[in-house]
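Q: Sharing a structure here in structure tokens format.
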Amino acid sequence: MEAAAVLALCALAFFPPPLQARVLRADEDGFAECSVFFKEQSPPGGFADPSAVRICQKYNGEPRFATLYSTEHKTPLYSAFRYTEAAPGKDEGWLVEPQLDDPESGAEEMMDEAEAKESIAELGSHQSVYEDYASSDYEPILLNPDFLNEGDFQRATRTLTNVVPVTPNFRKGWSTEVERIVKEALVPQCESRESLYFIAGAVPSDQTMTSNVAIPEFLWLAACCNADEAWSMGFIQKNTGTHPESLTVEELKKQLPGDVQLFVNNCGEDAENAQQSQVLETISQRRSEEAEEAIGPFFRFIRFIARVVYGIFRTIFCVVWFIVKQIFSIIAGGLCCLWNGVTSYLLAIGKVLVNIPYDILRVLGNVLMGCVRTLDHVLCVVGMIARIPLRFILDLGSFPYYTICAIPTVAAEIATGLFGSFGLLIDSLFGVTGGSYSVTSFACNRFVQRFTGLTGGYEE
């Protein structure tokens, strides 16, 4: 048994398990078995490259990551992967995808570039080869970094369908920063590491190197923590940049060509939360520490002395500035009070001087109005007097004279009237008496005649 185990280990050492990568057919949905590397097994949408092919990168039959590869630009558009702890591995030769250059070769797995050169006649026609990088000033950088893959699984990431050409300084800055961001900022803030999804990509530019391999305009990384409270973060680095810049996934999508959708159901792309703030704070703090470590002890001492001198001068300046400000405040306050007093005095005098003509005109107006009212009253009296008739005045003046002169005449007329009335009364009495006597005499005569029968004499 022990001998069999030793033989098996030796066989694995000399003949490692096959590294497989399957180029998906057009009639297959998504990334087939490699769809597990996407949130809810839904690949991104909106990458409009007609030459793009989907590759399911596998190791020993197990899916390791997914790649969307542009055969026109000979660079990957993105690689999707999950987080796993990894130990440092050793660099080995590069792998290629023989299916891309010769679909009829029958090869269905990744193979060493040296081996592929012997069996694939047109190797490099639809993908980059290491000679493209060796003859240029660019270095290959992994979109799915090897620090996220353990042991022999790191071998699966060293395929040329997972790299893009960058400058040495760019490669150093991106690789170092992305590793720290993932391990120190993103992973600690996600509740479950199994729920942490990554998509790393490159946007090809019009600039190319050997064999028309496109040099990326910028690299980007999007992370999604699909926990109870989902959140996401984005990072981008231009080809002239020195370190990745942090931004939201929503902002990242606006910089990608086309109408791109990275994570299904957003993954908190349009909202800010505590995890994102903590990630940004961790990145900022880490960069400050790196800057602190980079200057060295001597320069740190010089900086300390400079800060002390700066603090002293700053304190002296603040004291002097405080004194000057107080003196200026006192002088300015006195000048302000003096100015206020002078302006108030001048305003009061000006008001009085301006009011003098007004008061004079007002007095003259009152006098004129008094004269007008007096004249009006006089005219009213004259009018009333003028309205009385002249004959009435003359009659009123002659009334005493005529009254006194008329007294004797009136008295005589009254006496005449009284005597006439008395005479008339007497005549009336005599007339009444005479009439009564006549009537009585007539009545007696008629009675006597009727009684005696003697009527003749009377009739005669």
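The values are calculated or read from the model by the stated rules, or taken from the named source; none is laboratory data. If you're wondering where the values come from, they're calculated on a predicted model, not measured in any experiment. A quick note on method: Cβ atoms are made from the backbone with ideal geometry, for glycine too, and the neighbour counts reach across all protein chains shown. Protein only, heavy atoms only, side chains kept; ligands, DNA and RNA dropped before computing areas. Shrake-Rupley method; radii C 1.70, N 1.55, O 1.52, S 1.80 Å.
Q: Suppose we keep only residues that are within 15 Å of Val203 (Cα to Cα) and either assigned to a helix (DSSP H, G or I) or not hydrophobic (A, V, I, L, M, F, W, C) (or both) within segment 51-69. Which one would you say is modelled with the lowest pLDDT?
A: Taking the candidates together, the pick is Ser51.
Q: I've got another one for you. Read through the list (1) closer than 25 Å to Ser42 by Cα; (2) at pLDDT 90 or above; (3) surrounded by fewer than 19 Cβ atoms within 10 Å (Cβ to Cβ), then give the number of the only condition that Thr167 fails.
A: (1)
Q: Of Ser35, Ser105, which residue is at pLDDT below 85 and either surrounded by fewer than 20 Cβ atoms within 10 Å (Cβ to Cβ) or within 29 Å of Glu250 (Cα to Cα) (or both)?
A: Of the residues listed, the single one that is at pLDDT below 85 and either surrounded by fewer than 20 Cβ atoms within 10 Å (Cβ to Cβ) or within 29 Å of Glu250 (Cα to Cα) (or both) is Ser105.
Q: Quick check on this structure: which one of Lys183, Lys254 is surrounded by fewer than 17 Cβ atoms within 10 Å (Cβ to Cβ), farther than 25 Å from Ala134 by Cβ and modelled with pLDDT under 90?
A: So the residue among Lys183, Lys254 that is surrounded by fewer than 17 Cβ atoms within 10 Å (Cβ to Cβ), farther than 25 Å from Ala134 by Cβ and modelled with pLDDT under 90 is Lys183.
Q: Restricting to segment 419-460, and then to whatever is of a type in the set (S, T, N, Q) and touching a helix residue (DSSP H, G or I) at 6+ places or on another chain (Cβ under 9 Å), can you tell me which residue is modelled with the highest pLDDT?
A: Asn445
Every residue, every condition in (1) surrounded by 21 or more Cβ atoms within 10 Å (Cβ to Cβ); (2) of a type in the set (A, V, I, L, M); (3) at pLDDT below 85, yes or no:
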residue	(1), (2), (3)
Thr210	no, no, yes
Met233	yes, yes, no
Lys238	no, no, no
Val279	yes, yes, no
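Q: Taking the criterion of being in contact with a strand residue (DSSP E or B) (Cβ under 8 Å, 6 or more places away or on another chain) and of a type in the set (Ser, Thr, Tyr), would at least one residue in segment 212-234 satisfy it?
A: yes
Q: Here is a follow-up. Taking Ile120 as the residue in question, decide whether it is at pLDDT 90 or above and either surrounded by fewer than 22 Cβ atoms within 10 Å (Cβ to Cβ) or out of contact with any His (no Cβ under 8 Å at 6 or more places or on another chain) (or both).
A: Criteria not met by Ile120.
Q: Tell me the residue from Ala406, Ala411 that is more than 60 Å from the chain's Cα centre (by Cα), surrounded by 10 or more Cβ atoms within 10 Å (Cβ to Cβ), assigned to a helix (DSSP H, G or I) and modelled with pLDDT of 80 or more, please.
A: Ala411
Q: Pull out all pairs, ordered by first then second residue, where Cβ-Cβ is under 6 Å, the residues are six or more apart or on different chains, the first lies in segment 24-38 and is in contact (Cβ under 8 Å) with a residue 12 or more places away in the chain, and the second is of a type outside the set (Asp, Glu) and open to solvent by 40 Å² or more (accessible area, probe 1.4 Å).
A: Every condition considered, the pairs that remain are Leu24/Arg54; Gly30/Pro43; Phe31/Pro43; Phe31/Arg54; Ser35/Gln41; Phe37/Arg82.
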